[in-house]
1. Could you please tell me which pairs satisfy a Cβ distance under 9 Å, a separation of 6+ or placement on different chains, a first residue in segment 156-179 that is on the phi > 0 side of the Ramachandran plot, and a second residue that is of a type in the set (Gly, Ala, Ser) and in a loop (DSSP other than H, G, I, E, B)?
2. Suppose the filter is buried (at least 21 other Cβ atoms within 10 Å of the Cβ), farther than 22 Å from PRO27 by Cα, within 16 Å of the chain's Cα centre (by Cα) and not basic (Lys, Arg); does TRP100 pass it?
3. Identify the residue in segment 79-93 that is over 15 Å from the mean Cα position of the chain (by Cα) and either of a type in the set (Gly, Ala, Ser) or assigned to a strand (DSSP E or B) (or both) and, among all such residues, is surrounded by the fewest Cβ atoms within 10 Å (Cβ to Cβ).
4. Can you tell me which residues in segment 21-58 are in contact (Cβ under 8 Å) with a residue 40 or more places away in the chain and in a helix (DSSP H, G or I)?
5. Can you work out which of the residues in segment 124-141 that are in a helix (DSSP H, G or I) and in contact with a Phe, Trp or Tyr (Cβ under 9 Å, 6 or more places away or on another chain) is surrounded by the most Cβ atoms within 10 Å (Cβ to Cβ)?
6. Condition first: over 13 Å from the mean Cα position of the chain (by Cα), of a type in the set (S, T, N, Q) and either in a loop (DSSP other than H, G, I, E, B) or surrounded by fewer than 18 Cβ atoms within 10 Å (Cβ to Cβ) (or both). Can you find one or more residues in segment 110-118 that meet it?
7. Within the bounds of segment 35-46, is there any residue that is closer than 17 Å to PHE119 by Cβ, at pLDDT 50 or above, surrounded by fewer than 18 Cβ atoms within 10 Å (Cβ to Cβ) and touching a helix residue (DSSP H, G or I) at 6+ places or on another chain (Cβ under 9 Å)?
8. Would you pick out the residues in segment 88-113 that are among the hydrophobic types (A, V, I, L, M, F, W, C), modelled with pLDDT of 95 or more and over 15 Å from LEU68 (Cβ atoms)?
Amino acid sequence: MAAQPTGYFQGPELVADAIPTDVTIRPATHMDAEQVASVLLASRKAFVAFAPLAHADDDVRRWIANVLIPAGGVTVAVTDASHAGVVGMMAVSQHDGVGWIDQLYLQPSSVGRGIGSRFIRSAKESLGSPIRLYTFQENAGARRFYERHGFRATAFSDGADNEEHSPDVLYEWTDPASD
């Protein structure tokens, strides 16, 4: 999988400040790996068909189980409703004093419930300022979502450096209180 951050939240977050009461955000465990992979794959297929994954589904599942979750920094959103289990995931990291949202995916049926907003608040609290992420230029829903949460586009590329070879945009959030 990609060495560079690939923070691609897929889909429009329709309710920015709704707080779902049936959703808990907690650290991911190895027991969550299969559901985390299912969320990532379903989200990518539903919202980013224009930039298919560069890896087979089974490779993605192995990467999540053997690399992403063991590395730490992965949280999941779980719900008790209908025993749905994991409905979202976020992976964060820190490099040279900069926080990164490396992955942020929601089950397509869970988009618009405020879960993505909760993940962003959590990232801001845990990583501090600044936070960076990448998303595809064509992913208008994700771009609106991040901009609504104070992220600003800082660089655009032709996609030559990402695995999907799809034009992307680098976003950055800085805490307005630190200005």
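1. GLY159/ALA51; GLY159/SER166; HIS165/ALA51; HIS165/ALA54; HIS165/GLY159
2. On the way: buried (at least 21 other Cβ atoms within 10 Å of the Cβ): yes; farther than 22 Å from PRO27 by Cα: no; within 16 Å of the chain's Cα centre (by Cα): yes; not basic (Lys, Arg): yes.
For TRP100, the condition - buried (at least 21 other Cβ atoms within 10 Å of the Cβ), farther than 22 Å from PRO27 by Cα, within 16 Å of the chain's Cα centre (by Cα) and not basic (Lys, Arg) - is not met.
3. SER82
4. Our first condition is that a residue be in contact (Cβ under 8 Å) with a residue 40 or more places away in the chain; within segment 21-58, this holds for 22-30, 32, 35-36, 38-40, 42-44, 46-48, 50-55.
Listed by number, the residues that qualify are HIS30, ASP32, GLN35, VAL36, SER38, VAL39, LEU40, ALA42, SER43, ARG44, ALA46, PHE47.
5. LEU127
6. The initial filter retains those residues of segment 110-118 that are over 13 Å from the mean Cα position of the chain (by Cα), namely 110, 112-114.
Okay, now just the ones that are also of a type in the set (S, T, N, Q), so 110.
This time we only want the ones that are either in a loop (DSSP other than H, G, I, E, B) or surrounded by fewer than 18 Cβ atoms within 10 Å (Cβ to Cβ) (or both), so: none.
No, the conditions are met nowhere in segment 110-118.
7. Step one: list which residues in segment 35-46 are closer than 17 Å to PHE119 by Cβ, which gives 35-36, 39-40, 42-44.
From what is left, the residues that are at pLDDT 50 or above are 35-36, 39-40, 42-44.
Filter once more, so that each one left must be surrounded by fewer than 18 Cβ atoms within 10 Å (Cβ to Cβ): 42.
Still in the running and touching a helix residue (DSSP H, G or I) at 6+ places or on another chain (Cβ under 9 Å): 42.
For segment 35-46, residues closer than 17 Å to PHE119 by Cβ, at pLDDT 50 or above, surrounded by fewer than 18 Cβ atoms within 10 Å (Cβ to Cβ) and touching a helix residue (DSSP H, G or I) at 6+ places or on another chain (Cβ under 9 Å): present.
8. We begin by selecting, within segment 88-113, every residue among the hydrophobic types (A, V, I, L, M, F, W, C); these are 89-92, 98, 100-101, 104, 106, 111.
Imposing the further condition that a residue be modelled with pLDDT of 95 or more reduces the set to 89-92, 98, 100-101, 104, 106.
Passing the criteria: VAL98, LEU106.
The values are calculated or read from the model by the stated rules, or taken from the named source; none is laboratory data. Every value quoted in this text rests on a predicted model; they were computed, and no experiment measured them. Every residue, glycine as well, gets a Cβ built from its backbone with ideal geometry; the counts of neighbours run over all protein chains shown.
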